[in-house]
Amino acid sequence: MSKVSDAKFFNEFIDMVDLCCSLGWNERNGGNMSYRISEEDIAQIKDEFSYDKDWAEIGVTVENLANEYFLVTGSGKYFRYTKADPENSVCIALIDETGTKYKIVWGLVSGGRPTSEFPTHLLNHSVKKDITDGKHRLVMHVHPVNTIALTFVLPQNDKDFTREIWDMMPECAVVFPRGIGILPLMLTGSIDIAKATAEKFKTYDVVVWSMHGIFSSGEDFKSVFGIIETVEKAAEILVKVISMGGKKIRPTAEQIVEVCEEYNLDINKSLL
Ligand code: 13P
Ligand code: ZN
């Protein structure tokens, strides 16, 4: 048995929250993060859990996540202060056996609830758990400046948005060969945005919410951070290119495919 605060996944989670904040991706309480904890990790820490709290409705049904535990940021909690006070900033929530309710079993000691985007996180976890045979464990939502800025000027469709970003660096297509999904401005924390994002997650590992931010999913902290970092860097390049009068040259579709073939990656050709 070990303490939650000593667990590797817990410290990676808290460090990631801190890193994202230091990059300016998470002003105030902006953004949220959730991690599906493995059975082995739960076995090590569950002595610290308390099951006294009431069940709460998730708002969506996630049958394949029944009895799973999630580490998740609290609604309204600041990323900036999470590392200094994790027990008041994040919680571990258990999903009930019907996949419709959750219960806080650790954390948020002064009260609170998981992020308002918990329905979106859980639906995305549900889709990715199925598609990746349980490999994807992390879902992250951040508010990076350049990516958001581009949503005000780029076409609002997956194909054009992805291609504009892929054009910026050969690494982009290598890091997210399936491309980027884009959604229009929708009500934050709503069931509608949860369902629309989950639909996009059937195809993509990264989804941009127009005029709001990025959602991404992956196996671990490094890979999800790597995707978002790459999207945001490409977005920054594109903002500069547009500010200098726009592109004068661009890579051909063949050049983008070629680099993916070099790495044996199955690029989503429908976006080229
Ligand atoms: P929460 O504080 O509820 O996590 O909301 C922040 C946010 O970014 C909503 O999209
Ligand atoms: Zn947000």
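Residues in segment 45-60 that are over 13 Å from Trp106 (Cα atoms) and either in contact with a helix residue (DSSP H, G or I) (Cβ under 9 Å, 6 or more places away or on another chain) or among the basic types (Lys, Arg) (or both): Ile58, Gly59, Val60. When the residues of segment 195-221 are narrowed to those that are over 12 Å from the mean Cα position of the chain (by Cα) and on the phi < 0 side of the Ramachandran plot, which ends up nearest to ligand 1 (Cβ to nearest atom)? Checked segment 195-221; the qualifying residue nearest to ligand 1 (Cβ to nearest atom) is His212. The set of residues in segment 120-144 being assigned to a helix (DSSP H, G or I) and crowded, with 16+ Cβ neighbours inside 10 Å consists of Thr120, His121, Leu122, Leu123, Asn124, His125, Ser126, Val127, Lys128, Lys129.
Values in this text are rule-based calculations from the coordinates and carry no lab data. Since the model is a prediction, treat every value here as computed from it, not as a measurement. All Cβ positions, glycine included, derive from the backbone under ideal geometry; neighbour counts span all protein chains shown.
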